[in-house]
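What follows is a set of notes on a single structure, which appears directly below.
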There are 2 protein chains.
Amino acid sequence: MELQFLGTSSGTPSKTRNVAGLALRLDGGSWVLVDCGEGTQHRILHTTLSLHALQAICITHLHGDHCYGLPGLLASAGMGNRVEPLLLVGPAGLRAYVQGVMATTALRLPYELRFVDVTQLAGSAPLPALEIAAAPLSHRVPSWAYRFTERGVERRLDGARLAAAGVPPGPHWGQLQQGGTVTLADGRVLHGADYLLPARRARVVVVAGDNDRPELLRDAVRDAHVLVHEATYTQAVLDKVGSGPQHSCARMVAQFAAAAGVPQLVLTHFSPRYLDVARPGLPAIADIEAEARGHYGGTLFMAADLARYQLDRQGTLAPVVQA
Amino acid sequence: MELQFLGTSSGTPSKTRNVAGLALRLDGGSWVLVDCGEGTQHRILHTTLSLHALQAICITHLHGDHCYGLPGLLASAGMGNRVEPLLLVGPAGLRAYVQGVMATTALRLPYELRFVDVTQLAGSAPLPALEIAAAPLSHRVPSWAYRFTERGVERRLDGARLAAAGVPPGPHWGQLQQGGTVTLADGRVLHGADYLLPARRARVVVVAGDNDRPELLRDAVRDAHVLVHEATYTQAVLDKVGSGPQHSCARMVAQFAAAAGVPQLVLTHFSPRYLDVARPGLPAIADIEAEARGHYGGTLFMAADLARYQLDRQGTLAPVVQA
């Protein structure tokens, strides 16, 4: 499982950072896109991601810097002869936005769009490899966090339970491990499914949209391995800008993540005023990072465009070194 | 006057070419944008163009690769605190497209959008520095060419006419040159405006949208200094693709430009199948160029992203060498 950032700027693109887009890469090349700011398809050209292998697009909220790349990406997938249906998950209004653009610009797609309202996710199982749930956030328009939980975690035999049942290690264990059914010498019939446990915890990633109340994520981040959250500015800039835009500063997110016990935090969606490389007297991404580290002792990354992070089966997040 | 290409690919972007966008730069920093494919605002970040100095956006047709960058560019101009009204010229449907996106994505702008239907341009004078006229083309959706004519060409005194009127060179000439009124010794009153001629021909640039019948431009290119036209592919590829997409090949445009006496031709909107640098056995931009040169003896350029061409007061087009 990997995260690859396609855009890490808020509001407008800069020369080095595009507006919001994040790929959640699954095993086997398939992937899910969270948000699709203008130019997301351009960033994808510089990755190994394929529009044919895209399973779903989850939109956190309908502000332009999170969704203006959607029509072009859908069109390019069509010109690339995609035929598989594509899931579009998002707030009410997503369908009207996409279908409105399609109707006014004569866009016809050779594949089906399946719209799923974010409020209707509970209990649905739209993807084979991922559970998707959503939690509401606080922003100028309805905004959501997506909680992605890995499905189909490999299973191991529950040896303790078998021992307790008086089944010693032997050929029967192998058959049960394969999910088979065995009949013991005493006539008892055992089914593998009853003696299999997940070999490990399913990996959980929470990706939040724009939000000025991180504490709303308390339930959503329970047992999560990673939280990706906006930190549009530092506290000092937030104080200057005021609360109108309804964004978080680094301190707010870091304090929340620490209190909630989130082990790994990735900050993104930085105001374009912050320079990538610090210069005297000018705001820099390092300022946001320093503020966050002052309140959070877990593993912390500041996202950059095209940066990749692998979340291994043990749940550890680490940057992928790219050529 | 300058042309700067912001995108030169058709349909989808490539790693080196964005979808359609062309800046017509006027004296004093103001400029007009023709088409606005997704990522146009990203390209602008790599130029000296300012969204504050943008006078008008002319959309040739409502296909995504010519207009999906519009909402994001408008939003960024707003976030940059633009207050001047902005002219949006385009086919019927442009207003519905833009206003539909604005309504579904909560986009509010701090400046006014003034929509002008392309069919209503005749006789209107929307810009102080440019006349804008339009000519219909042939494509899958209504598509237009824009003819831009410089306004306010500097004027010179019509010495021959003054001599014929019996006014010898002298102080009166200077006053008339300034546009003043003079009274001659014999009592005649002369007005400068009656004796002033344009010092040179106004510069004329024609920028065409997607089009499979270049001959439709016969009137529009009369006395034009430059024609910018799509050449999506070569004849061989057009034959393979078929006429369905309704694009021109290089041969068609070149033959038309030669027959119409267009002195300077810039081709653009190349299918992404064409490589920038030729490699054995693969189609390259050089193939399109070679085909065009076989039918056209004028000044010919193959547009590239961010390439700039100066059109000087004598009407000569030449590349601007950039650092």
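The values are calculated or read from the model by the stated rules, or taken from the named source; none is laboratory data. Source: prediction; values computed, not measured. So basically every Cβ, Gly included, is an ideal-geometry build from the backbone, and we count neighbours across all protein chains shown. Side chains included, ligands, DNA and RNA excluded: accessible areas come from the protein's heavy atoms. Shrake-Rupley method; radii C 1.70, N 1.55, O 1.52, S 1.80 Å.
Numbers at a glance
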item	result
Every residue from the stretch A:65-85 that is within 15 Å of A:P13 (Cβ to Cβ) and either assigned to a loop (DSSP other than H, G, I, E, B) or within 19 Å of the chain's Cα centre (by Cα) (or both)	A:D65, A:H66, A:C67, A:Y68, A:G69
A:L184 vs. criteria modelled with pLDDT of 90 or more, in contact with an Asp or Glu (Cβ under 9 Å, 6 or more places away or on another chain) and farther than 30 Å from A:L300 by Cα	no
Residue in the stretch A:185-199 that is of a type in the set (K, R) and outside the structural domain of A:G11 (by TED's automatic domain parsing) present	yes
Residues of the stretch B:48-85 satisfying the condition of being away from chain A (no Cβ under 11 Å), open to solvent by 10 Å² or more (accessible area, probe 1.4 Å) and not acidic (D, E)	B:T48, B:L49, B:S50, B:H52, B:A53, B:Q55, B:N81, B:V83, B:P85
Counted residues, the stretch B:27-47 - those being touching a strand residue (DSSP E or B) at 6+ places or on another chain (Cβ under 7 Å) and away from chain A (no Cβ under 12 Å)	6
Cross-chain or 6+ apart pairs with Cβ under 7 Å, the stretch A:42-65 first and outside the structural domain of A:R140 (by TED's automatic domain parsing), then surrounded by 24 or more Cβ atoms within 10 Å (Cβ to Cβ) and of a type in the set (G, A, S)	none
Test set (1) within 14 Å of chain A (Cβ to nearest Cβ); (2) assigned to a helix (DSSP H, G or I); (3) under 20 Å from the mean Cα position of the chain (by Cα) - B:L88 fails condition number	(2)
Selection from the stretch B:93-105 of residues that are surrounded by fewer than 17 Cβ atoms within 10 Å (Cβ to Cβ), closer than 17 Å to A:Q99 by Cβ and not polar (S, T, N, Q)	B:A96, B:A103
Residue within the stretch B:94-104 that is at the interface with chain A (Cβ under 7 Å from one of its Cβ atoms) and in a loop (DSSP other than H, G, I, E, B) present	no
Given (1) more than 8 Å from every other protein chain (Cβ to nearest Cβ); (2) within 22 Å of A:L275 (Cα to Cα); (3) open to solvent by 10 Å² or more (accessible area, probe 1.4 Å), index of the condition A:L6 fails	(3)
When residues of the stretch B:134-157 are limited to those that are within 14 Å of another protein chain (Cβ to nearest Cβ) and surrounded by fewer than 17 Cβ atoms within 10 Å (Cβ to Cβ), the one farthest from B:G242 (Cα to Cα)	B:V141
Among (1) open to solvent by less than 40 Å² (accessible area, probe 1.4 Å); (2) of a type in the set (A, V, I, L, M, F, W, C); (3) farther than 16 Å from B:P198 by Cβ, the one test that B:A122 misses	(1)
Yes/no for A:T12 being within 8 Å of another protein chain (Cβ to nearest Cβ), under 25 Å from A:E230 (Cα atoms), in contact with a helix residue (DSSP H, G or I) (Cβ under 8 Å, 6 or more places away or on another chain) and in contact (Cβ under 8 Å) with a residue 60 or more places away in the chain	yes
Hey, A:P110 within 24 Å of A:E131 (Cα to Cα) and either within 8 Å of another protein chain (Cβ to nearest Cβ) or modelled with pLDDT of 95 or more (or both) or not	no
